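Reviewing the structure listed below.
The values are calculated or read from the model by the stated rules, or taken from the named source; none is laboratory data. Quantities reported herein were computed from a predicted structural model and do not represent experimental measurements. Cβ placement follows ideal geometry from the backbone for every residue including glycine, while neighbour counts extend to all protein chains displayed.
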Amino acid sequence: MGDVEHLEFEDFYQESRDACLRAVLATTGDRQLAEDLVAEAFTRAWMSWRKVSRHPAPHAWIVRVALNTRISWWRRRRHEVALADHEAMDPTAADGVDVDPALLAALRRLPPRQREVVALRVFLDLDTETAARTLGIAPGTVSAHLSRAVATLRGDLATVNSREGER
């Protein structure tokens with residue numbers, strides 16, 4: 001890889017890492033897992049930078065690869081047994097990546113496809129067509145999932161805000 005490509009990738013990484021991490025975090029709900037997945041996706045992007053740099057939405061490519069990697073890891077590890085006293089890390093305890101804990105909790109309650117659509121449309125600010133191509137679904141399906149997700153999130157967050165107002 002030449003110096004120009006190296007600099008292009010470095011710029012892309014600096015500009016896109018936090019947005020991709022937020023999108024994957026919103027989808028997975030697990031800070032450590034999201035960091036690992038994004039690191040893996042950026043490593044794969046580095047290895048295929050010539051191809052990835054020509055992609056219409058390289059940051060969407062990163063998120064899609066991260067989510068596909070999550071599925072692959074899950075398939076390999078689904079037979080493992082969790083430790084009984086394993087403490088979950090706080091997914092919002094992030095340096096430089098702020099996601100409201102109430103929003104993250106509400107996102108975790110959404111179905112996986114709705115979380116993916118929210119991650120791509122809201123966190124990465126992709127248009128409907130690009131999100132649809134990234135997920136391999138129709139643009140109308142993206143719109144429907146986003147509409148349902150937003151309605152659910154509004155209800156969940158309104159309930160949280162009203163409970164906090166009562167304190």
Those residues of region 41-51 which are assigned to a helix (DSSP H, G or I) and polar (S, T, N, Q) amount to Thr43
Taking region 123-143 on its own, how many of its residues are surrounded by fewer than 22 Cβ atoms within 10 Å (Cβ to Cβ) and not in a loop (DSSP other than H, G, I, E, B)?
-> 10
Filtered residue count, region 4-31, keeping only those that are closer than 18 Å to Phe123 by Cα and assigned to a helix (DSSP H, G or I) = 18
Identify all residues within region 102-117 that are in contact with a Leu (Cβ under 8 Å, 6 or more places away or on another chain) and either among the aliphatic types (A, V, I, L, M) or over 11 Å from Leu153 (Cβ atoms) (or both); write none if there are none.
-> Ala102, Leu103, Leu104, Ala106, Leu107, Leu110, Arg113, Glu116, Val117
Verdict on Val38 being in contact with a Cys (Cβ under 9 Å, 6 or more places away or on another chain), in a helix (DSSP H, G or I) and within 26 Å of Ile137 (Cα to Cα) = yes
Filter region 1-58 down to the residues that are at pLDDT below 90 and either under 18 Å from the mean Cα position of the chain (by Cα) or under 29 Å from Ala106 (Cβ atoms) (or both), then identify the one that is surrounded by the most Cβ atoms within 10 Å (Cβ to Cβ).
-> Thr27
Among residues of region 129-149, those that are of a type in the set (Val, Ile, Thr) and over 16 Å from the mean Cα position of the chain (by Cα), counted | 2
